[in-house]
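Bear in mind these aren't lab numbers, they're just calculated from the coordinates by the rules spelled out. For clarity, every value in this text was computed on a predicted model and none was experimentally measured. Every residue, glycine as well, gets a Cβ built from its backbone with ideal geometry; the counts of neighbours run over all protein chains shown.
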Amino acid sequence: MKKIYISICALAISVSAIAQSSLDAFTVAKGKKSNKSILMNAEKSAPFWSEDFANGIPATWTNSTAPWEYRGASTSPSNSTGSQGAYASAGNPIASATASNGFIIFDSDFYDNNGVAGAFGTGMYPTPHNGDLRTDMIDMSAYADVLLTFNSYYRTFAGQAFVDFYVAGVFVERVQVHANIAVNDATFTDEIALVRVPFSVVGNSDVQMSFVFEGSTNSNNGFTGYYFWQIDDLTLAETPANIIEIEDVVIGGFWLDYANYSGLGFNGIVGLDYTVTPTSQLANHPYVIEGVLRNSGASDQESILRYETYGTGTYSGASASTSVLAFSPTNTVDSMIVTTTPPLSPAIGGYGIAIWGESDSSGVITTVSDTTYKMMEISEYIYAKDLGEANSNNSWILGGPGDQWHFTTRFEMYADEVLSALRVYITDESVVGSEVKAILYELDTNVAAASGGVVLLDESDNYTITSGDLGSWVDIPFVSPINLFNGYAYEFGIAGFQHPTDSVYIGTTDNSLYNGEHSLFDEFGLNPNDPANLGTPTWYYLTRAPMVRMNFDPGNVNTITDVKQSIFNVYPNPTNGVFTIELDATEKHDITVNNALGQTVYSSTINDVITTINLSSYSKGVYTVELKNNSSTYVEKVIVE
């Protein structure tokens with residue numbers, strides 16, 4: 001299994017702040033690497049042990065020096081607070097079935113900050129800040145195969161989450177939870193964690209489980225395991241026969257399809273995901289949907305990976321049926337990488353794509369995985385990897401009193417192109433009159449990693465930020481168009497300048513397949529968080545996608561090529577059932593919402609620009625929203641989950 005590529009960079013950098021693109025109609029939920037599984041009722045086993053923390057943390061459990069804490073309606077902060085206080089805004093509380101009667105949290109930020117937001121490293125608790133909460137004895141003597149299920153809301157910055165198992169007080173085995181959550185990423189608030197109890201543990205009467213949030217150390221600040229882990233509604237039951245999980249979904253061929261393309265020069269093809277793809281690239285490199293299907297059940301399964309698009313048009317595909325063997329003492333390979341067919345080459349427009357796994361027993365579907373959602377757009381000239389304005393909630397300084405950064409991301413060419421300009425999202429913290437420039441490197445494996453593994457190819461003239469650029473996409477042209485070649489990989493982005501008063505910020509979004517896909521170059525070695533490299537130009541990897549796009553438009557001056565083939569937006573999408581319809585202008589329309597069977601669940605007439613619809617009482621699934629006026633009919637799809 002292809003796992004990761006050698007990083008171009010030395011150190012992960014997290015980002016913070018604000019920001020809003022052509023992909024606005026599709027809002028991507030965090031926790032894109034979900035590992036939830038939906039069990040059919042017939043597959044569910046009655047639990048023989050459970051804990052919902054209705055009465056707090058049991059007194060018979062053993063807590064760590066930096067303790068796990070109980071959160072409930074009577075505690076302060078209450079369960080409406082995402083963490084213990086230092087990072088209350090870091091996320092919502094866990095969305096478990098019994099969250100109202102309390103849940104537990106290990107908040108590493110609280111300990112590192114000593115309860116003061118932003119006071120990094122002032123905590124009085126041990127470093128790294130490890131949380132270790134061990135249950136009392138649990139009798140598993142009557143069971144040969146046991147599944148631990150619990151609600152888990154987890155966010156990490158290089159921390160790790162584990163369940164440790166003990167028999168008769170002696171450590172036996174460790175299982176990592178949320179191993180596929182990337183640095184600075186998080187699960188859904190309603191994530192369901194599934195942990196197969198090790199075979200070395202089941203069958204014993206004196207088993208203990210320990211929930212461990214474990215930080216790590218580095219030479220800069222001694223600790224990198226920030227953020228939190230929230231847990232609720234623990235159950236132990238016999239492992240059902242059929243459970244399928246989906247992990248690490250990609251649409252660019254990162255797992256398997258990349259091998260069908262040859263890199264030229266001193267670089268190779270990785271097979272990255274692109275959110276906006278020009279038709280010229282799509283012609284030679286259609287989207288390929290791949291994912292890891294994991295068997296967490298007790299029996300072997302025949303499994304299929306499926307996808308369906310919504311938005312501008314509807315496309316669907318599926319993999320061949322694939323045998324995914326159950327984990328057992330004699331089989332330690334319980335997952336398979338699966339590719340759907342046919343490759344996806346949609347028409348120009350914006351799309352959401354739902355991807356899930358199914359498993360069957362004797363031809364009857366018995367388990368369906370959670371659904372992973374991606375978004376993409378086919379354009380005429382734009383090539384991009386960011387998730388658009390609606391999914392940008394952070395920004396980064398390019399240049400200022402103490403900064404001079406280059407922000408780049410790797411672009412792979414599947415067709416020859418002529419690059420005319422950089423398109424970049426400038427956030428409104430920027431100072432009018434500040435200067436930036438577009439920058440282009442070629443990947444070159446002959447260049448030392450310390451020098452970024454790149455060769456400078458070209459840069460634009462300096463561009464001066466105007467008031468109209470703030471909070472907007474801006475095109476920065478190159479002096480002369482640049483030829484890019486099929487089979488080559490490039491690092492492309494934007495550079496700022498150190499200045500005593502001017503500063504420029506760009507937006508970033510969550511989107512990283514591997515460490516090194518997005519990069520930072522500290523041109524003068526100004527980074528105060530890396531004292532070992534002060535004064536030394538240094539490359540780092542960035543865990544978020546900088547909002548920089550290749551523009552192949554020969555006109556290139558703010559020619560937004562995003563195609564809008566509807567007169568309304570639907571958001572959020574996916575939704576919990578409550579969503580908003582936003583019209584481009586006030587006009588009378590008849591609205592109809594139909595379920596997947598074509599049955600009408602809602603109908604009305606609207607005149608307002610903004611209309612809210614509530615389908616929370618209806619089943620989860622894909623619904624069609626249809627608007628009609630005297631001359632036209634417009635259709636969008638919305639997913640209720």
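Worth pointing out:
- A simple spin-label model places the labels of residue 619 and residue 416 5.4 nm from each other, with each point 7 Å out along Cα-to-Cβ.
- Taking the charge dipole of segment 244-379 about its Cα centre, with +1 at Lys and Arg Cβ atoms and -1 at Asp and Glu Cβ atoms, the residue from 293, 304, 347 reaching farthest to the positive side is 347.
- Between segment 282-308 and segment 398-447, the Cα center-to-center distance that results, in Å: 34 Å
- Using only the C-alpha atoms, the convex hull of segment 421-505 corresponds to 104 Å³ per residue.
- Net dipole in debye of segment 568-640 [+1 Lys, Arg Cβ; -1 Asp, Glu Cβ; about Cα centre; nearest 20]: 260 debye
- Point-to-point label distance, residue 176-residue 266, nm (Cα→Cβ direction, 7 Å offset): 3.2 nm
- Placing a pseudo-label 7 Å from each Cα along the Cα-to-Cβ vector at residue 63 and residue 341 gives an inter-label distance of 5.7 nm.
- By other beta-carbon atoms within 10 Å, ranking 447, 640 with the fewest at the front produces 447, 640.
- For residue 497, net neighbour charge (Lys/Arg +1, Asp/Glu -1) across residues whose Cβ lies under 10 Å away: -3
- Entries of 385/628; 374/620; 374/637; 385/437 with Cα pairs more than 23 Å apart: 385/628
- Rg/Rh, computed from the Cα trace of segment 244-379 with Rh as the Kirkwood radius, has the value 1.02.
- Computed about its Cα centre, the charge dipole of segment 453-585 is approximately 280 debye, with only Lys, Arg, Asp and Glu carrying charge at their Cβ.
- Cβ-based net charge around residue 507, under 11 Å, with every Lys or Arg adding one and every Asp or Glu removing one: -3
- Environment charge at residue 105 (Cβ cut-off 12 Å; Lys +1, Arg +1, Asp -1, Glu -1): -2
- Proximal aspartates and glutamates to residue 588, defined as alpha-carbon separation beneath 14 angstrom and excluding residues fewer than eight positions away on the same chain: 608, 626
- Contour minus Cα-Cα distance for residue 97 and residue 501 (0.36 nm per residue): 140.3 nm
- Cα convex hull of segment 392-551, projected area averaged across orientations, nm²: 9.1 nm²
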